[in-house]
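Trainee: Can you keep this structure in mind? I'll have questions shortly.
Please treat every number below as a calculation from the coordinates, not as lab data. Quantities reported herein were computed from a predicted structural model and do not represent experimental measurements. Methodologically, a virtual Cβ is constructed for each residue, glycine included, from the backbone with ideal geometry; neighbour enumeration extends over all protein chains shown.
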Ligand code: ADP
Ligand code: ZN
């Protein structure tokens, strides 16, 4: 037998190996093998098996070992991986490795994972009935167990408190037993719903229900807080009841813990999660449970799109516009797009939900590839959230805040309501200036300013991590006279604390919310009303769902408007709408104020006065005119090197190679990246555009080998980015 193997190495092709009779396991597609490659051995996955009798096999190397008894990756998933490898022009071995949890990429056995689980004993039941349990937490746990045959550690982990110590106490008193469930058939525990869908929601749900059993993308276009989640639940419920599995993708899990909680409350232990906060062991366990179809709903971030679910019947991509779906290094895939292709290959529906659909998705609706269904109202809101701009030109600002905004903050706070301030810039101030000569402090390794962090007493480069003491004197002048220029979230926090000494102020950005635990604590404190004013970066634009937040202040809307990227405006629109969507989610009226130097800017006006829908209808034709995606297909060839001349040299060569094969594509000259110097490397890129995707595919495929050889001659790091998020 001959096996075609995707070896876990950055190689663009697969290799044939021969299976000699000495190997003691059957050769199956999807199982791992240990094979010789050059002067060592590697793990790979068998992608194809064929009879070698008719071929000359003398040149083939033998398989050293077959590592698994059966297949680890199904034919469907291999098919998807091969598609992704070809589409994104990424080495097949690395793509296939991506599908496996990290520990299985090595020559290890698949662990037979049992899951720790707890159940209630008769003693425990009696104790609960006789109300003889004192501790609130202990009682709480018993109550959860009462309704379930057993419950996993993972589920308990989502309680808001440290559950281990009350559990130990319960174990000591024999109220609970712990067991390792090796093959748990999760009990179906549908808790039902107390919410009755309104007319719009029922209509949307019906539209999606009608697509079950066939490939049909549906865009669920619902304003923030319109009850999209309830629509998903309604459809997922049907899928579960018919024995199917659902894959539910979301951009981020730490910020959306409450969403996970809602899933648990509704669907109990049929829910599993997969995200970067999990340990390797936990990820393997989830992977195995999904494969065995013990999981009814897999909730996960980007990489969850690769998990095998044998009874998959529905895929949901929530907040489909979010840039987090695109992996930005290595294998640069879009989980949203992979999800759509996966649905197509399996002939199942996919739902793309958003309050601000991406332009790609809107064009797909325009072209009738996707159907669309709307939710235009918030079920709970009494009145529409009011959005206004504040012209900050010539105003004296306090920590970046205008008198007007501060006044509105006072009003809302006086009523006991909560305020969110948004600024997409962390640190105390984005740049330091030398007072004697006016020089701005820059990073020596990047084309970027050093950001002043007051608490850390440091100047930090946000791009390469370079850090120096804020007390070092500037290099430009003899005296020590630098001062902060402009404001970041840390700076605002300081000013807001002074302005509102009797209020609790909290900041969420990557400096304060370093871990998921800290973030969770902050989020729960907003929920309980312990925090009055929340200041944050784009972390606050996602997911936050608190009914008492009634005022949102956007401190500075201008930075994004003047970015040179073709998607900058679209991103600004999405961000503004999402941030504004944090206000007025309950039944109290919400207000949003946007501070800007250019209140008359046409784009800003459209977004604010007319809303995302009208904005996008006007912006799309403009996009078509300038010839950018989604109206053309695009790929970038990026190159970087420590030697300044190499990227351009290499890309000039790449351009020549491409032009020779090119039929209908437009290939730019090498362009310096927006931040041409980053972490000590000079970066440049080539933009390839064509009317349709397949032309780019064919062109790149035809040239790949030549480009690869050239890169070895020039000695340079390079990547291909298909459907890039940005051209910076
Ligand atoms: P989205 O996912 O669109 O942001 P959610 O599904 O989170 O919106 O709904 C926003 C709020 O409205 C939630 O608190 C939810 O419980 C509530 N809600 C949604 N649908 C209904 C309904 N039909 N009746 C009452 N409340 C609802
Ligand atoms: Zn730097």
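Trainee: Of all DSSP beta bridges in segment 199-375, what percent run antiparallel (nearest 5)?
Mentor: 5
Trainee: Under the rule of -39500 (n - 2.57) per DSSP H run of 4 or more residues, summed and divided by the residues of the chain, what mean residue ellipticity at 222 nm is obtained, to the nearest 500 deg cm²/dmol?
Mentor: Using -39500 (n - 2.57) per qualifying helix, the result is -9500 deg cm²/dmol.
Trainee: To the nearest 0.05, what FRET efficiency results for residue 397 and residue 107 with a Förster distance of 56 Å applied to their C-beta separation?
Mentor: E between residue 397 and residue 107, to the nearest 0.05, is 0.40.
Trainee: Please say if segment 589-728 is rounded, prolate or oblate, where rounded means a/c under 1.5 for a ≥ b ≥ c the square roots of the C-alpha gyration tensor eigenvalues, and otherwise the choice is prolate for a/b larger than b/c and oblate otherwise?
Mentor: Since a/c reaches 1.5 but b/c is at least a/b, the shape of segment 589-728 is classed as oblate.
Trainee: What ranking, highest mean first, results for peptides 240-247, 132-139, 714-721 when packing means the other Cβ atoms within 10 Å averaged over each residue?
Mentor: 240-247, 714-721, 132-139
Trainee: Just to be sure I understand the model, the point goes 7 Å from the Cα along the line to the Cβ. What's the resulting residue 153 to residue 469 distance in nm?
Mentor: The answer from the label model is 4.4 nm.
Trainee: Taking a temperature of 10 °C and a viscosity of 1.306 mPa s, what whole-number D in µm²/s does Stokes-Einstein yield for segment 13-79 with Rh from Kirkwood over alpha carbon pairs?
Mentor: In µm²/s, the coefficient is 127.
Trainee: Of all DSSP beta bridges in the chain, what percent run antiparallel (nearest 5)?
Mentor: Counting only bridges with both partners in the chain, antiparallel ones make up about 55 percent.
Trainee: Once you place label points 7 Å from the Cα toward the Cβ at residue 65 and residue 276, how far apart are they in nm?
Mentor: 3.3
Trainee: Further, regarding this structure: Residues of segment 640-677 with amide nitrogen under 15 Å from the 7 Å Cα-to-Cβ point of residue 445?
Mentor: 641-643, 677
Trainee: Give the Debye-formula value of log10 I(q)/I(0) at each listed q (0.05, 0.09, 0.11 Å⁻¹), with one equal scatterer per alpha carbon of the chain, two decimals each.
Mentor: These q points yield log10 I(q)/I(0) values of -0.29, -0.96, -1.40.
Trainee: In nm, what is the difference between 0.36 nm times the number of residues separating residue 13 and residue 369 and their Cα-Cα distance?
Mentor: 124.9 nm
Trainee: For segment 220-307, rounded, prolate or oblate, judged on the Cα gyration tensor with a ≥ b ≥ c (square roots of eigenvalues), a/c < 1.5 rounded, else prolate if a/b > b/c?
Mentor: oblate
Trainee: If packing is taken as the mean number of other Cβ atoms within 10 Å per residue, what is the order of 256-268, 281-293, highest first?
Mentor: With the highest mean Cβ count within 10 Å placed first, the list reads 281-293, 256-268.
Trainee: I've got another one for you. Over all distinct alpha-carbon pairs, what is the Kirkwood Rh of segment 333-384 in angstrom?
Mentor: Result for segment 333-384 stands at 13.0 Å.
Trainee: Order 533-539, 203-209 from most to least packed using the mean count of other Cβ atoms within 10 Å.
Mentor: Highest-to-lowest ranking by the protection proxy: 533-539, 203-209.
Trainee: Next question, about the same structure. Assuming a ≥ b ≥ c are the square roots of the Cα gyration tensor eigenvalues, decide whether segment 59-114 counts as rounded (a/c under 1.5), prolate (otherwise, with a/b larger than b/c) or oblate.
Mentor: Oblate is the answer for segment 59-114, as a/c is 1.5 or above yet b/c matches or exceeds a/b.
Trainee: Now for a separate question. Return P(r) of segment 199-375 (all Cα-Cα pairs; 5 Å bins starting at 0; whole %; ordered from short to long distances).
Mentor: It works out to 1, 9, 18, 23, 24, 15, 7, 2, 0, in whole percents.
Trainee: Kindly put 616, 711 in sequence by how many other C-beta atoms sit within 10 Å of each C-beta, fewest to most.
Mentor: In order of increasing Cβ crowding within 10 Å: 711, 616.
Trainee: While we're looking at this one, here's another question. Taking R0 as 30 Å, what FRET efficiency do you get between residue 29 and residue 565 from their Cβ-Cβ distance, rounded to the nearest 0.05?
Mentor: My answer for the efficiency is 0.10.
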